[in-house]
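For reference, the structure is listed below as structure tokens.
Readers should treat all values here as calculations from the given coordinates under stated rules, not as data from a laboratory. Just so you know, these numbers come straight off a predicted model, no measurement behind them. For neighbour counting, all protein chains shown are included, and Cβ atoms are generated from backbone atoms with ideal geometry for every residue, glycine included.
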Amino acid sequence: MKPRRRKRQEPLGLEAFKAAADDEHGLPLDDLTQAYAELIAGGDDPYAPLRDPEVSPFSVADEEGENEPEGPVEEGPEADPSPAAADDEACEVSPRTILEAMLFVGHPENQPLASEKVASLMRGVRAQEIDELVVELNRSYDEDDCPYRIESVGTGYRMALRDEFHSLRDVFYGRVKAAKLSQAAVDVLAIVAYKQPLTREEVDAMRGRPSGSLLAQLVRRELLRVERPHDKPRTPRFCTTDRFLQLFGLESLRDLPSTPD
């Protein structure tokens, strides 16, 4: 069976709306690696993200016999064979439809949905199965010429428009202002990326100069985040964010390039 060719996307008539360049066009991953290599002799292995232990009471299917009625049950009228009834029955509750619904709703803080998190909300489903379902859904979207697909962002997934529809997105959200990081900001970002979590004093010591304003700038751009330990002293520490992974095209911190000694 030959693969189905995608239909040619007709122009949206939005030529006046040009998407501006985003941060990722001005900050290659090689620059980050080079900056860190010049500042630090070597780095520790990055930390793997911790799995959220939260478990939801929702499940894909009821336990065997859990919702079966007691006593005799009267038989109702035969099922309506009309197309409307068939449409209602077509959307079943399954891991695939639940995953698709979660991706449409999205994370309340606009964060990608990790496979482990999604699997924890569905009884009897493993994280590996979530990855396989994403592949199935994207294949279905390609066959139906849908304007959206599921993208892998950092360690999770997010529903996103295809590239040819970005101009339509810009009509609703406005044009993105282009911005580039200074070399000093890249140096600080490289130090935190390879040595996180770090306090401001630790970053200052590695650079040999104050870095507070640069750290604040990187937090404001959502490339770094601040963590406060539960134990005293609760000294703030800086770590990279999912947006950092997205801009540099990384699946996880383990994908950071190795630096020369």
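Structure notes:
- Q183-E251 FRET efficiency (beta carbon distance; Förster radius 22 Å; 0.05 resolution): 0.25
- Highest average packing first - 240-246, 213-219, Cβ atoms within 10 Å: 240-246, 213-219
- Tail beyond 19 Å, pair distance distribution of the range 94-194 (Cα, percent): 56 percent
- Among K180, K117, a tally of other beta-carbon atoms within 10 Å of each Cβ gives an order, fewest to most, of K180, K117.
- Each of D145, D30 was scored by other Cβ atoms within 10 Å of its Cβ. Arranged with the fewest first, they read D30, D145.
- Backbone HN-Hα couplings from phi across the range 128-140 [Karplus 6.51/-1.76/1.60, Hz, Gly and Pro as x]: 4, 5, 5, 4, 5, 5, 4, 4, 4, 5, 5, 5, 5
- Global form of the range 102-261, assessed from the alpha-carbon gyration tensor, a/c cut-off 1.5: prolate
- Taking only the C-alpha atoms of the range 166-251, Rg followed by Dmax gives 15.1, 49 Å.
- Whole-Hz couplings from phi, Karplus 6.51/-1.76/1.60, listed for the range 157-162; x for Gly and Pro: 10, 8, 6, 9, 6, 5
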